[in-house]
Amino acid sequence: MPLPGEQTLWLLVVLLLLLWLLTRERGHRIANHERRKPLTEDELGRVVFELARTVDLDGFRHLYLSGAEARELLGEGAAAYMRPRTSGRWLEDEIVEISVRLADQPAYVSSRVDGDGMAWIRVRTATGVEREVPVGRAVRVGLIWRLRDPVGDWAPYGRATATA
């Protein structure tokens with residue numbers, strides 16, 4: 001059997017390169033975020049403040065209940081809770097909305113979770129005026145605070161109409 005010619009070898013190289021281009025992974029590389037575990041309301045507020053100021057979508061996503069945490073907290077209702085979380089741009093819209101509200105707020109003051117579970121961040125403007133910004137409904141899963149639901153309807157809080 002004769003050895004392939006130079007033209008045949010170049011054709012094989014081109015075919016191998018095309019095969020490599022077609023089969024390589026095209027997904028974007030997600031930064032490896034260590035999932036934060038805020039133990040207090042104040043720590044949850046500080047983390048949300050930091051993530052909203054940097055508009056860190058992946059870090060913000062990690063503050064919400066995971067599937068295992070939802071099962072632990074909601075039992076049979078976990079599947080229904082997780083279903084709408086996998087589609088749409090709700091998370092992007094939520095972090096952008098919070099970010100817009102914190103844009104001119106240079107200082108974090110405190111946070112609290114009220115009786116119905118709404119988490120609030122208290123911030124201070126450069127002029128010293130303090131105000132609160134809602135960040136979603138929070139729950140405890142064991143010792144850790146997680147966000148369960150987004151604010152969603154910002155109308156009662158004067159929506160800034162920020163979308164991702």
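The values are calculated or read from the model by the stated rules, or taken from the named source; none is laboratory data. Quick caveat: nothing in here was measured; it's all calculated off a predicted structure. Cβ atoms come from the backbone with ideal geometry, glycine included; neighbour counts cover every protein chain shown. These area figures cover heavy atoms from the full protein model, side chains too; ligands, DNA and RNA do not enter into them. Shrake-Rupley method; radii C 1.70, N 1.55, O 1.52, S 1.80 Å.
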Residue (of Thr54, Leu73, Ala155) at the positive-pole extreme of the chain, dipole from beta-carbon charges: Leu73
Student exercise, the chain dipole from Lys, Arg, Asp, Glu Cβ charges, in Debye to nearest 20: 100
Degrees, to the nearest 10: 6-23 long Cα axis against longest axis of the chain: 20
Value of Rg/Rh across the range 63-134 [Cα atoms, Kirkwood radius]: 1.09
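If packing is taken as the average count of other Cβ atoms within 10 Å, what order do 71-83, 52-64 fall into, highest mean first? Provide the component values of the computation, followed by the final result.
On the way: 71-83: 12.8, 52-64: 17.8.
Most protected by this proxy first, the peptides run 52-64, 71-83.
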Helix-only mean residue ellipticity at 222 nm for the chain, each DSSP H run of n ≥ 4 adding -39500 (n - 2.57), per residue, nearest 500: -11500 deg cm²/dmol
Whole-number accessible area per residue in Å² for the chain, which is evaluated in the context of all protein chains at 1.4 Å: 64
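Take the Cα gyration tensor of the chain, multiply each eigenvalue by 5, square-root it, and list the three semi-axes largest first, rounded to whole angstrom. Please list the in-between numbers first.
On the way: eigenvalues 414, 86, 41 Å².
Value: 45, 21, 14 Å, ordered largest first.
Take the solvent-accessible surface of the protein heavy atoms, probe 1.4 Å, and return the percent of it on the range 1-152 that carbon and sulfur atoms account for. Before the final figure, lay out each step's value.
On the way: 5630 of 9710 Å².
The value for the range 1-152 is 58 percent carbon and sulfur by accessible area.
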